[in-house]
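A short reminder: the numbers here are calculations on the coordinates, not readings from a lab. Source: prediction; values computed, not measured. Cβ sites come from the backbone with ideal geometry, for glycine too, and all protein chains shown count toward neighbours.
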Amino acid sequence: MKITRNIKIVALKGLLIISCLFGTTTLSAQTVWLDELDLSTATQGYGIPMKNKSIDGKTLTIAGKTFERGFGSHSESSLTIELNGKATEFIAQVGIDDEVAGQKPAAEFVVYGDGEKLWSSGVMRLGDAARPCNVKLGGLRKLELVVTDGGNGNYYDHVDWVDARFTTIGVTTFKTFNPVASVSYILTPKPSAEPRITGAKVFGVRPGSPFQYLVTATGDRPMTFYALGLPKGLNINAKTGIITGQLSKVRTYIVTLKAKNAKGTAERKFRIECGDRIALTPPMGWNSWNCFANEVSADKVKRAVNAMVKSGLINHGWTYINIDDFWENHRDSKDQTLRGKLRDEVGNIIPNSRFSDMKALADYVHGQGLKIGLYSSPGPWTCGGSAGSYGYEKKDAESYAKWGFDYLKYDWCSYGNVIDSLPDNDPYKVSSLSYNGGNELNTAMKPFKVMGKFLRQQPRDIVFSVCQYGMSDVWKWGDSVNGNCWRTTNDITDTWTSVKNIILDQDKSAPYAKPGNWNDPDMLVIGTVGWGNPHPSKLKPDEQYLHVSLWSLFSAPLLIGCDMEKLDDFTLNLLTNDEVIEINQDPLGKQATCVHTIGDLRIYVKELEDGSRAIGFCNFGLETVDLAYKDFDKLGLKGQFVVRDLWRQKDISNVNTQTGQLALKVPVHGVLLYKFSSKK
Ligand code: GLA
């Protein structure tokens with residue numbers, strides 16, 4: 001029975017009195033303000049939840065009107081409140097805070113009660129007068145205050161719930177809570193003492209290029225490495241496992257890799273494809289940006305290399321050490337270590353004083369069996385204002401090769417200004433910066449075509465990572481400009497909003513992923529991240545499992561973005577699960593897509609080379625998913641299957657898809673990552 005039916009409201013001098021008749025008991029009504037509750041449990045797209053202030057810490061202001069009380073947040077935002085039937089109504093006003101003047105935010109405020117949508121503001125924009133929200137709560141147990149991004153991304157969505165309060169029955173406060181669990185738990189089993197060969201099963205190299213591949217394995221050290229059937233021109237160092245040399249013929253070679261220690265021997269087939277294509281599995285490694293941003297230095301890079309080795313990550317196939325922005329000199333930084341001549345007399349780029357010897361740094365990285373990458377922009381300046389490659393593309397490609405680099409991330413940044421400055425009749429001139437077709441396509445492709453060509457002319461293989469945030473459907477033409485991977489999204493941040501929205505946007509580019517071409521949903525935001533302001537990732541443990549699982553299912557480049565010297569056990573558990581990594585590195589190179597949804601449960605399927613399927617049951621909702629799954633035909637499964645839990649590395653069930661069912665219990669914002677293999 002709903003409590004409201006028994007309520008009579010009487011207003012008395014600002015205090016609400018409700019006479020509630022429960023048999024003979026009379027309870028008085030009270031006002032509980034939203035800002036009196038613990039707002040810290042809210043999740044939001046940026047910043048921290050604010051009490052009686054906007055997200056920037058200013059007076060709450062909507063369309064010129066100020067408010068003393070309220071909750072300042074940022075979309076996408078969600079606050080859950082336990083009412084337990086003790087509130088009769090929620091009253092508030094909502095709107096976008098004036099502090100983002102000049103921007104184009106949009107957001108929608110929504111109130112859910114026990115999972116049902118009770119009220120919505122409609123999409124609101126900057127300057128809209130505060131909209132009143134008045135919701136009858138009846139006997140509701142749980143209320144959720146949500147703000148969506150209004151359909152245009154969450155940039156500058158500074159959102160305010162003002163004068164927000166509850167009318168309550170017999171209580172003076174409510175508990176807020178976050179339905180996403182905070183306690184971390186480790187699923188990846190420790191590797192055994194016996195050798196187990198890890199890493200990619202296929203490797204591409206161009207004829208004539210220097211060959212370097214590290215055979216990786218877990219297990220006790222010392223370990224001896226062998227590569228049986230290695231073609232002429234290649235040698236393996238038995239102690240380190242590094243294969244080096246050069247191949248001249250376009251051909252496929254099948255080699256048997258062996259790793260031996262006191263406990264036993266492991267063996268695995270390895271395919272070397274000498275030909276045109278490289279990066280036959282998604283690049284795996286580390287990038288400096290998400291952790292050091294403009295504070296990167298050769299010293300920090302070396303320390304990341306050492307940590308990669310010491311932590312044992314190197315034994316799981318992690319390979320690239322990529323320097324992002326800020327190795328070049330800067331146009332106007334106050335930091336003197338970034339200032340100096342941008343180029344020498346003949347136009348060669350001069351690294352800044354933090355990178356005194358690029359060749360020595362590359363040699364150091366190669367000496368460990370790892371590979372090294374760097375970053376530039378086709379515009380005159382990088383996104384951070386360092387020297388870009390515009391007009392010097394050939395020279396730069398030559399420098400990278402001379403220093404011994406293996407990877408280039410090439411970031412659009414100021415190239416937009418180059419286009420703007422072209423004369424109106426220039427064929428590459430476009431009227432907007434959206435680059436979504438027609439002549440705009442030439443414009444979008446041009447700078448990458450130029451650099452792609454020069455990289456190909458170098459006497460070493462350099463993985464080409466195109467970074468332009470997915471403009472002009474880059475996945476359709478990235479291969480034609482010699483791109484090996486391309487960003488499909490704007491920059492990731494360590495919030496659920498960011499990660500979730502990136503995930504929901506990936507299916508359209510999936511058909512274009514293949515060996516040598518990877519869609520890049522940006523780097524991993526786990527561990528200690530912070531773009532120069534280090535903090536533990538704000539993603540909850542289950543969200544991190546989901547993030548790593550989906551990046552594996554997506555065949556995405558796996559680039560660790562955290563401080564490698566601060567790797568905790570939980571983060572290491574996410575990065576050292578060889579069965580999960582194997583899904584990412586599967587030689588077939590297919591990208592998972594979402595093939596079935598049940599409410600907030602999204603099921604992603606990735607076909608694997610051996611005929612099995614990796615399947616991620618992903619819960620995007622705020623309730624645990626608990627169901628018996630039967631729709632195997634929707635997942636392309638027919639017959640008898642062994643189901644293996646990849647995080648736990650354990651077979652969990654046998655399923656007959658005609659008659660059987662699979663019990664699924666998926667935590668809020670969590671995942672079950674299973675492999676379905678045909679039963680022999
Ligand atoms: C852009 C890119 C980031 C990073 C920075 C460097 O924002 O998307 O990944 O490279 O530039 O300035």
Only Lys, Arg, Asp and Glu count, each charged at its Cβ (+1, +1, -1, -1), so figure out the dipole size of the chain about its Cα centre, rounded to 20 debye.
-> 1860
Taking R0 as 41 Å and r as the Cβ-Cβ distance between Leu627 and Asp220, the FRET efficiency 1/(1 + (r/R0)^6), rounded to the nearest 0.05, comes to 0.45
Given the C-alpha centroids of region 540-616 and region 333-400, what is the distance between them in whole angstrom?
-> 32
Compute the separation of the alpha-carbon centres of region 77-131 and region 483-539 and state it in Å as a whole number.
-> 28
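With each run of n ≥ 4 DSSP H residues scored as -39500 (n - 2.57), what mean residue ellipticity at 222 nm is computed for the chain after dividing by its residue count and rounding to the nearest 500 deg cm²/dmol? Working shown, then result.
On the way: 10 runs with 98 residues, N = 680.
Value at 222 nm, helices only, nearest 500: -4000 deg cm²/dmol.
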Determine the principal axes of the Cα atoms in the chain, then give the extent along each, sorted from largest to smallest and rounded to whole angstroms.
-> 94, 66, 44
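Given the peptides 337-348, 661-672, 286-297, 543-554, arrange them by the average over their residues of other C-beta atoms within 10 Å, most packed first. Please report the intermediate quantities before stating the final value.
Working: 337-348: 13.2, 661-672: 19.8, 286-297: 23.3, 543-554: 26.4.
Packing proxy ranking, top to bottom: 543-554, 286-297, 661-672, 337-348.
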C-alpha long axis of helix 541-553 to longest principal axis of the chain, angle in ° = 40
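With a 10 Å radius around each residue's Cβ, average the other Cβ atoms per peptide and rank 460-466, 194-200, highest first. Present the calculation step by step, with values, prior to reporting the outcome.
Details: 460-466: 23.7, 194-200: 21.6.
Put in order of decreasing packing, that is 460-466, 194-200.
Quick check on my link table: of Lys500/Lys538; Lys86/Lys142; Lys476/Lys675; Lys239/Lys260; Lys371/Lys395; Lys508/Lys590, which ones sit more than 19 Å apart, alpha carbon to alpha carbon? Working shown, then result.
On the way: Lys500/Lys538 13 Å; Lys86/Lys142 10 Å; Lys476/Lys675 29 Å; Lys239/Lys260 11 Å; Lys371/Lys395 21 Å; Lys508/Lys590 13 Å.
Too far apart for the 19 Å limit: Lys476/Lys675; Lys371/Lys395.
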Take the alpha carbon atoms of region 275-302, find their center, do the same for region 413-428, and report the distance between the two centers in whole angstrom.
-> 30
Can you tell me which of 171-180, 158-167 comes out highest on packing, and rank the rest after it, using the mean Cβ neighbours within 10 Å?
-> 158-167, 171-180
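Can you tell me, using C-alpha contacts under 8 Å and at least 6 residues apart, the relative contact order of the chain as a whole percent? Provide the component values of the computation, followed by the final result.
Numbers: 1754 pairs, mean separation 68.0, N = 680.
Answer for the chain is 10 percent.
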Where does helix 439-456 land angle-wise versus the long Cα axis of the chain, in degrees 0 to 90, nearest 10?
-> 40
For region 95-161: relative contact order, % (alpha-carbon pairs under 8 angstrom, 6 or more apart) = 47
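What net charge is computed for the residues neighbouring Asp114, neighbours being all others with C-beta under 10 Å from the C-beta of Asp114, Lys and Arg scored +1, Asp and Glu -1?
Values: positive: Arg141, Lys142; negative: Glu116, Glu144.
Net of charged neighbours comes to 0.
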Can you give the relative contact order of region 284-587 as a percent, counting alpha carbon pairs under 8 Å and 6+ residues apart?
-> 18
